[in-house]
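Undergrad: Quick one: the structure is below, and I'll ask about it shortly.
The values are calculated or read from the model by the stated rules, or taken from the named source; none is laboratory data. Computed from a predicted model, the values in this text were never measured in an experiment. Ideal geometry is used to build each Cβ from the backbone, glycine not excepted, and the neighbour counts take in all protein chains shown. Just the protein is used for accessible areas: all its heavy atoms, side chains included, with ligands, DNA and RNA removed. Shrake-Rupley method; radii C 1.70, N 1.55, O 1.52, S 1.80 Å.
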Amino acid sequence: MNDSKANLRRRPSTSQLPIPFGLCVSGFLVVLFFGGFGPLTETFGATIIIVNKDGPGEGFNDPAPFTPVGGNTATTLGEARLKAFEYAANILAQVLVSTVGIRVDARIDSLGAGILGSAGPNTVHRNFPNAPVANTWYVQSLANKLAEQDLDLTTSDISATFSANFTNWYFGLDANPPSGQFDFVTVVLHEIIHGLGFLSLVDVQTGEKFLGSDDAFMRWLELHGASPANYPLMTDSQRQYANVAGPNLHFIGANLQGASGILTAGRTGTHVQMYAPNQVQLGSSVSHFTNTIKPDQLMEPGIASGRALHDLGLAQPLLEDLGWIFEAGVSFPTRNDVNGDDKGDLVWRNTSTWAVAIWLMNGSTVASSGSLGVVSSKWQVAGTGDVNEDGKADVIWRHSDTGTVAVWLMNGLTVMSVGFPGSVSMDWQIASVGDVNGDGRADLLWRNTSSGEVTVWLMIGSIIASSGHLGAVPLEWQIAGTGDMNADGKTDVIWRNDLTGAVEVWLMQGLTVMSVGFPGTASTDWQIVGVGDVNNDGMGDLVWRKTSNGEVAIWLMNGVTLSAPGFFGVVPQGWEIASTSDVNGDGSADIIWRNRQTGTVAVWQMNGLTVMSVGFPGSTSINWEIQP
């Protein structure tokens, strides 16, 4: 067993030399359990249990008054710290897969000068049931996950301490710390990831392996151009040299290499460079990405005040190389699922009376329905999406005169509350609703119809957590839809050129367009009428309709690449595609049709490029329209 801790140090202003994160391998740690269990963070993939190790009146129990900020509604300092910790843990819990709960001891205490936080695994294990590689150390949480059992019931998996010396913490949840303040969520997220295995147990000063065996992290290190290049096969003195070999020390796991194309700096070919300055930085060397990596990554060896990174970035594929599994597209929830049963529902609006209604769907059957009353014709439904991460789609409204945005937070057939996040000029239109930053909350994508500018509101419920401007796009390009095209849990943007028929995909990472791809071109007679994962591979696919004859086609997508096309023949033009949504909960998006002459609704239940069945859930007056 070993206590391996990673210390997060502050990075001063850019005019000063960076002070690195720290990672030190110390001796055995005796953990004494006291204090209560904190809130349980549980979503789709994993359960993270926060164990509050602070005593009464201190740290996470500090009763000092706190003014809510950035979506953190706490009223005491201890509560604010805990809510921010929970938020960071939940970013991981919603995408990480483990059948064994992950316990994190958490405390606020004095740390060394410049150290923001320190965390790491409490124990490491080898040769356990289902161990992928013999005689290799795995950190406690990962070993538990692989063994499908808790290998040490007496000890929490991770121990995390955060500095009580700093008074300039930012406890907001909106990734928007002011200059001079350090984002607590970023620090917690960074340190928990170290505890999940983003570190090596090798003594960076001597090159010695921990108790003579490899660890899961070091297995993927290489010294580019050396002989041997393989880090585990080196002698201690060769590893000692590799630890200070600058940009030539690389991590070469297949998942990380496959994701390295987003980098504009910090890679050699597909190999990602690790932090290895020419003098060993205890606690930083080897166990971080290089500090020259671009775009910025959460697991770099330093962080500046006024900066926040709530996205796993390249930490995710690296953790996958270690043996972790992530939910594909977990934060791209079932479209229009207002009651949280993982089946898409239909939101209706009457264009004559302006009444609102919902059909709760069970495949091709209406399980139940309800009326939500009448809303002024000035209010239009702009989209649906789960803005408060409760697993239920909410309804986004826009006022056609004032530009005001309203949010109905939904629970099935009940409007739980109404919020008004803001108002903007009617030149701006909500182009789509989707989770662009992978936090489990749907965001609003805006387009200016005059200038072509694009903006995103990152949402926390009915509050704008932060916003970002993505630049202007020529008006011949139109947003054709959004969907998680590369299974990273973030909604991407699909564009179509009205003049040339070209298709463009923006792969998104929050307020950043990480990369742009061009999967192909189709005649402008073909229109994209829906985006949904019809083959259950975690990646959005494109549903097409030919305007001249009603023909239907689907592009199965693999990121920005067209994987396979399929054609479904001609459907009479009295039928229009109203929605793409998984109405039967099998993981594949289905196609919902509406006959605009008779009012009949039809459902194609899809399995990839095959229509498995056709059902007719009902018919309504043509005054009723299915909302986006």
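Undergrad: Quick one: which strands (runs of 3 or more DSSP E) sit completely within region 511-614 and have at least 2 residues that are among the hydroxyl-bearing types (Ser, Thr, Tyr)? Don't jump to the end; show me each part of the working.
TA: Values: elements: 512-521, 526-532, 541-546, 551-558, 561-570, 575-581, 590-595, 600-607.
Result: 512-521, 561-570, 575-581.
Undergrad: Considering region 425-467 alone, what residues qualify as being β-branched (Val, Ile, Thr), open to solvent by less than 40 Å² (accessible area, probe 1.4 Å) and not in a strand (DSSP E or B)?
TA: Pass one, region 425-467, residues β-branched (Val, Ile, Thr): 430, 433, 436, 449, 454-456, 460, 463-464.
Keeping just the survivors that are open to solvent by less than 40 Å² (accessible area, probe 1.4 Å) gives 430, 433, 436, 454-456, 460.
Residue satisfying the conditions is Val436 alone.
Undergrad: Related question: Say whether the condition of being charged (D, E, K, R) and either open to solvent by less than 10 Å² (accessible area, probe 1.4 Å) or in contact with a Phe, Trp or Tyr (Cβ under 9 Å, 6 or more places away or on another chain) (or both) is met by at least one residue in region 526-544.
TA: First, the residues of region 526-544 that are charged (D, E, K, R): 533, 537, 541.
Applying the additional criterion that residues be either open to solvent by less than 10 Å² (accessible area, probe 1.4 Å) or in contact with a Phe, Trp or Tyr (Cβ under 9 Å, 6 or more places away or on another chain) (or both) yields 533, 541.
Yes, because at least one residue in region 526-544 is charged (D, E, K, R) and either open to solvent by less than 10 Å² (accessible area, probe 1.4 Å) or in contact with a Phe, Trp or Tyr (Cβ under 9 Å, 6 or more places away or on another chain) (or both).
Undergrad: Of everything in region 391-412 that's open to solvent by less than 60 Å² (accessible area, probe 1.4 Å) and assigned to a loop (DSSP other than H, G, I, E, B), which residue is nearest to Ser581 (Cα to Cα)?
TA: Step one: list which residues in region 391-412 are open to solvent by less than 60 Å² (accessible area, probe 1.4 Å), which gives 391-400, 403-410, 412.
Retained after the next criterion (residues that are assigned to a loop (DSSP other than H, G, I, E, B)): 391-393, 400, 403, 412.
Values: Gly391: 15, Lys392: 14, Ala393: 12, Ser400: 27, Gly403: 28, Gly412: 16 Å.
My answer is Ala393.
Undergrad: If you don't mind, there's one more thing I want to ask. Cβ-Cβ under 6 Å, sequence separation 6+ or interchain: first residue in region 343-370 and over 19 Å from Val534 (Cα atoms) and among the basic types (Lys, Arg), partner modelled with pLDDT of 95 or more and surrounded by 22 or more Cβ atoms within 10 Å (Cβ to Cβ). Which pairs?
TA: Within 6 Å, the pairs are Arg349/Val356.
Undergrad: Among the residues of region 413-424, write down those that are part of a strand (DSSP E or B) and closer than 27 Å to Leu360 by Cβ.
TA: Across region 413-424, the qualifying residues are Thr414, Val415, Met416, Ser417, Val418, Gly419, Phe420, Pro421.
Undergrad: Hey, another quick one. Which is crowded, with 21+ Cβ neighbours inside 10 Å and at pLDDT 95 or above, of Asp215, Asp236? So that I can check it myself, show each step before the final result.
TA: Numbers: Asp236 fails: crowded, with 21+ Cβ neighbours inside 10 Å.
Residue meeting the stated conditions: Asp215.
Undergrad: I'm trying to understand the selection: among the residues of region 472-495, which are assigned to a loop (DSSP other than H, G, I, E, B) and either out of contact with any Asp or Glu (no Cβ under 6 Å at 6 or more places or on another chain) or modelled with pLDDT under 95 (or both)?
TA: Of the residues in region 472-495, the ones assigned to a loop (DSSP other than H, G, I, E, B) are 473-476, 484-491.
Listed by number, the residues that qualify are Val473, Pro474, Leu475, Asp484, Met485, Asn486, Ala487, Asp488, Gly489, Lys490, Thr491.
Undergrad: Any idea which residue in region 44-64 is farthest from Gly438 (Cα to Cα), counting only those that are of a type in the set (A, V, I, L, M) and part of a strand (DSSP E or B)?
TA: We begin by selecting, within region 44-64, every residue of a type in the set (A, V, I, L, M); these are 46, 48-51, 64.
Cutting the leftovers down to part of a strand (DSSP E or B) gives us 48-51.
Working: Ile48: 18, Ile49: 21, Ile50: 22, Val51: 25 Å.
By that ranking, first place goes to Val51.
Undergrad: Would you mention how many residues in region 351-365 are surrounded by fewer than 17 Cβ atoms within 10 Å (Cβ to Cβ) and part of a strand (DSSP E or B)?
TA: Number of matching residues: 3.
Undergrad: I need the full set of residues from region 612-628 which are within 26 Å of Pro565 (Cα to Cα), in contact (Cβ under 8 Å) with a residue 12 or more places away in the chain and either open to solvent by less than 50 Å² (accessible area, probe 1.4 Å) or over 31 Å from the mean Cα position of the chain (by Cα) (or both), in order please. I'd like the intermediate steps shown before the answer.
TA: Of all residues in region 612-628, those within 26 Å of Pro565 (Cα to Cα) come to 612-615, 628.
Right, trim to in contact (Cβ under 8 Å) with a residue 12 or more places away in the chain and you get 613-615, 628.
Ser613, Val614, Gly615 - these are the residues of region 612-628 that are within 26 Å of Pro565 (Cα to Cα), in contact (Cβ under 8 Å) with a residue 12 or more places away in the chain and either open to solvent by less than 50 Å² (accessible area, probe 1.4 Å) or over 31 Å from the mean Cα position of the chain (by Cα) (or both).
Undergrad: Can you work out which of the residues in region 274-306 that are surrounded by 18 or more Cβ atoms within 10 Å (Cβ to Cβ) and among the β-branched types (Val, Ile, Thr) is modelled with the lowest pLDDT?
TA: Ranking the candidates gives Ile303 first.
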